[in-house]
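Heads up, the thing below is written out as structure tokens.
What follows draws every value from the coordinates through simple rules; no lab data is involved. Note that the coordinates shown come from a computational prediction; the quantities given were computed from them, not determined experimentally. Using ideal geometry, Cβ is built from the backbone for each residue, glycine included, and neighbour counts are taken over all protein chains shown.
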Amino acid sequence: MCITYCLRIAVLYDNHCDCQPADCEFAQETHGRCVDCRHQQGDSCGLTQAPLPAAGGCCHWNIEPVDGPLVVSREMLAPLHLAIDESEVGLLKDLDVSYHWSEVGELLIDPADLALPSTYGLGTELVEDEPWEELE
């Protein structure tokens, strides 16, 4: 699993899979076009640094980026199917997500430590691998 932070609904999710309507009301909707997005930088996304999608946009169109650590809640972990008897820190450990504790005992993650999808909302499992250049 490759875990990403969703800036739109403030949850952690597996970026190998497309977002699902059961987890997010914005999943599989038409979103603003990348060329109209404030994150568009030439032919790249300013959030992911990935090439822009061939068509359409993503669900993070014009969303304000997050800077710095965030407090982890059970709601934040819901798309990762946190079991009722499972602890937040246990799930983060199982998924190899970097976390730390605040001075007052809050469990924190930093979105900057997490992976980024090529296009928010679309999983990476169907993205074709880039061809390797052969070494001579």
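The table for this structure:
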quantity	calculated
Residue list for region 62-92, restricted to those being surrounded by 12 or more Cβ atoms within 10 Å (Cβ to Cβ) and of a type in the set (A, V, I, L, M)	I63, V66, L70, V72, M76, L77, A78, L80, L82, V89, L91, L92
Check on G105, surrounded by fewer than 11 Cβ atoms within 10 Å (Cβ to Cβ), at positive phi and in a loop (DSSP other than H, G, I, E, B)	yes
Where E25 falls short, out of the listed (1) part of a loop (DSSP other than H, G, I, E, B); (2) in contact with a strand residue (DSSP E or B) (Cβ under 9 Å, 6 or more places away or on another chain)	(2)
Residue within region 41-51 that is surrounded by 12 or more Cβ atoms within 10 Å (Cβ to Cβ), part of a strand (DSSP E or B) and hydroxyl-bearing (S, T, Y) present	yes
Selection count where residues are touching a residue at least 60 places away in the same chain (Cβ under 8 Å) and more than 12 Å from Y5 (Cα to Cα), scope region 58-77	3
